[in-house]
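**Student:** I'd like to ask some things about the structure below.
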Amino acid sequence: MSVLVAITGRDNTKLIAKMQSQLPNIRIEQLDDCQDFAGVEFVLAWNAPTSLWQKLPNLKAVSSFGAGVDSIDLSLLPKDVEIVRIVDEQLATDMAEYVLTHVLAQKLRLKEYYIKQQQSEWKPKRAYKYNQVSMLGFGELGRASAHSLVSNGFKVNAWSRTPKKSTIATLYHGDEGLTDMLAQTDYLVCLLPLTSSTEEIINKQLLEQLPEHAVIINVARGEHIVEADLLDALNNQRLRGATLDVFASEPLPSEHPYWLHPGITLTPHCAALSDLDSVIKQIADNILRLKAGEPLINCINKQQGY
Ligand code: NDP
Ligand code: OXD
């Protein structure tokens, strides 16, 4: 059995060395140097080329290198191949900190002051009183973010696909639930996985259901947003602002209108960056489980796509 690291767009030397030290008896190959595709049973993938999957007749499991699995085209994989993802406490803590920070930054109008600072303009204004945060997605990261928001005095609503119970948030599900939640939203935080049901969910129709003072915080995937609809809502004062960490095209192209938009705060997909050691521990655990014929951890539901 061998493991293939198919992560494109970064230097994997350190990652492979760390994996190899945890798995001394397992052959780990890099995509570019792989000599024996037929021996590969486990792939660690992030933006792997779509042509890869057909070269792997003995593939048994694929692990995403992140929490999201959207960089793997599930339709190209045989039905019996397991897909696993990263579920990590530190990742959830980091995401919760990012979400709280940016909700507070929007409440305290920090972007306005950064712009005024550049013009040496002294103009204090009261912080907004708005305190209702609505989460699109109430999974590992949505729940962690909700906890930290509630501990800091925010009221939290959350929308998921299936009905749930929670002692900290008011919960909604389904299309009707979404409409009800949007009307009571000051800050809309997107923490959905990217699937065919959630792609372009933040569109004109959704934005029109938000109060005009609302703010979008997207920390999931850029493809959740119809960019032209977001810009239109911001330019016509139907939305107060947006904090964006993720983009349909990354790195965000230098000519993109988001960069200089006064209503947009952006960060370079850094809301929650995986800690290499903790991620490798999970991946190594799954590789050893596969080798021993044991059930893998953090499997996704392939039908749902997350
Ligand atoms: P989970 O799978 O744990 O949670 C997903 C949530 O979304 C669940 O509550 C699920 O509902 C809900 N959901 C899925 N589909 C729908 C739908 N059609 N309608 C309504 N609700 C839906 O994911 P995580 O919390 O671990 O991660 C979320 C995403 O965050 C990742 O997929 C990734 O894209 C992004 N991410 C971004 C990072 C960054 O740095 N910016 C870092 C890490 C992740 P239900 O509970 O009913 O299943
Ligand atoms: C992830 C990410 O999915 O970094 O883990 O976006």
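**Student:** Kirkwood hydrodynamic radius, the chain, all distinct C-alpha pairs: what's the number in Å?
**Tutor:** For the chain, the Kirkwood estimate is 20.8 Å.
**Student:** Suppose the chain between GLN184 and LYS165 were pulled fully straight at 0.36 nm per residue; how much longer would it get relative to their current alpha carbon spacing?
**Tutor:** Computed gain between GLN184 and LYS165 is 4.9 nm.
**Student:** Another one. Determine the sum of side-chain charges near TYR113: Lys and Arg each +1, Asp and Glu each -1, restricted to other residues whose C-beta is under 10 angstrom from that of TYR113.
**Tutor:** Summing Lys/Arg as +1 and Asp/Glu as -1 gives +3.
**Student:** If you don't mind, another one. Only Cα pairs within less than 10 Å get springs; with that Gaussian network setup on the chain, which residue of ASP175, ASP88, ASP232 has the largest fluctuation?
**Tutor:** Highest fluctuation among the options: ASP175.
**Student:** Just to confirm a number: summing +1 for Lys and Arg and -1 for Asp and Glu over residues other than LYS129 whose beta-carbon lies under 13 angstrom from that of LYS129, what do you get?
**Tutor:** Counting the neighbours of LYS129, the net charge comes to +4.
**Student:** Hey, rough spin-label estimate for GLN35 and ALA228, points 7 angstrom out along Cα→Cβ, what's it come to in nanometres?
**Tutor:** Going from the GLN35 label point to the ALA228 one covers 5.3 nm.
**Student:** If the reach is capped at under 30 angstrom between alpha carbons, list the lysines near LYS302, excluding any in the same chain fewer than eight residues apart.
**Tutor:** LYS18, LYS55, LYS60, LYS79, LYS164, LYS165, LYS204, LYS281, LYS291
**Student:** Hey, what angle do you get for helix 140-151 against the long axis of the chain, alpha-carbon based, 0 to 90 degrees rounded to 10?
**Tutor:** Helix 140-151 sits roughly 30 degrees off the main axis of the chain.
**Student:** Can you tell me the relative contact order of the chain? Whole percent, Cα pairs under 8 Å, sequence separation 6 or more.
**Tutor:** Once divided by the residue count of the chain, the mean separation gives 16 percent.
**Student:** A follow-up question, please. Please compute the contact order of the range 89-266 in relative form: average sequence separation of alpha-carbon pairs under 8 Å and at least six residues apart, divided by the residue count, as a percent.
**Tutor:** Computed over the range 89-266, the figure is 18 percent.
**Student:** Also, I was wondering about something else. Suppose every Lys and Arg Cβ carries +1 and every Asp and Glu Cβ carries -1, with no other charges. What dipole size does the range 89-266 come out with about its Cα centre, to the nearest 20 debye?
**Tutor:** 900
**Student:** A further question on this structure: Amide H neighbours of THR198 under 5 Å, counting only residues 5+ apart in sequence or on other chains, H built in-plane at 1.01 Å?
**Tutor:** none
Quick note: the coordinates plus some simple rules give every number you see, no bench work behind them. Quantities reported herein were computed from a predicted structural model and do not represent experimental measurements. Cβ atoms come from the backbone with ideal geometry, glycine included; neighbour counts cover every protein chain shown.
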